[in-house]
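Nothing in this text is a laboratory measurement; each read-out follows from the coordinates by a stated rule. Please read all numbers here as calculations on a predicted model, not as lab measurements. Cβ placement follows ideal geometry from the backbone for every residue including glycine, while neighbour counts extend to all protein chains displayed.
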Amino acid sequence: MARTILFNKPFDVLSQFTDRGTEGSPRPTLSNYIGLPGVYPAGRLDRDSEGLMILTDDGKLQARISHPRFKSPKTYLAQIEGLPDDAALQALRSGVTLKDGPTRPAKARRIDPPGWLWDRDPPVRYRKSVPDCWIELTITEGRNRQVRRMTAHVGHPCLRLIRVAIGDWKLGDLAPGRWRDA
């Protein structure tokens, strides 16, 4: 029987089991948190992003989650600089053209700051002169740093990014650095 787990990846952790890219002290990886043999990430999450990752020993499931042709929806909460107007949100909903081509339309809406959210270490920079807000964004592709590039494209750089859902799998109350069976 296939094993599938949900993991809440902390900030500054690589979404792989080994650190192949540094000289000196290695960076934290999935192996610092998950000691299960034979499970592999279904997709990636940038080192400076947090939240839900799915790991499985089922190759077909791994492909279905991570390959763009399956259009698996991924939902993020993004803390962004500034207060987006309706035009900025509509641009995200329609799809924006990035350097590597147009994005698929996304679901995008402003939300209240999540009351359940854990503190991040280090904390997000705070500037008195620049307001920030939270948006919920659901995309159906997974290009490199796509959500960050999309929000920057509409004039609102991303300060913090947390993936809260992949398809029907939800982060829920899973604490950072913890995992559970799906």
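The table below lists the values:
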item	result
Radius of gyration, Dmax [the chain; alpha carbons; angstrom]	16.5, 54
The range 129-140 - phi-based ³J(HN,Hα) in whole Hz, Karplus 6.51/-1.76/1.60, Gly and Pro as x	7, 10, x, 9, 8, 10, 10, 9, 9, 10, 10, 10
Top of 118, 134, 169 by mean-square fluctuation, Gaussian network on the chain, Cα under 10 Å	118
Stokes-Einstein D in µm²/s, Kirkwood radius over Cα pairs - the range 1-95 at 37 °C with 0.692 mPa s viscosity	212
Peptides ranked, highest mean first, by Cβ atoms within 10 Å: ranges 126-133, 60-67	60-67, 126-133
Unit charges at the beta carbon, dipole of the range 1-80: most positive-side option, 15, 26, 55	55
Under 21 Å, Cα to Cα: Lys pairs in the chain, sequence gap 8 or more or different chains	12
Placed amide H near residue 4: partners under 5 Å, 5+ positions off or other chain	182
For residue 45, distant residues with modelled amide H under 5 Å away	15
Three principal axis lengths of the range 73-166 [C-alpha, angstrom, descending]	33, 29, 21
Computed Kirkwood radius, in angstrom, where 1/r is averaged over Cα pairs of the range 41-116	14.9
Point-charge dipole on Cβ atoms (K/R +1, D/E -1) for the range 35-182, about Cα centre, debye to 20	420
Dipole of the range 56-163 [Lys/Arg +1, Asp/Glu -1 at C-beta], most positive-end residue of 72, 123, 135	72
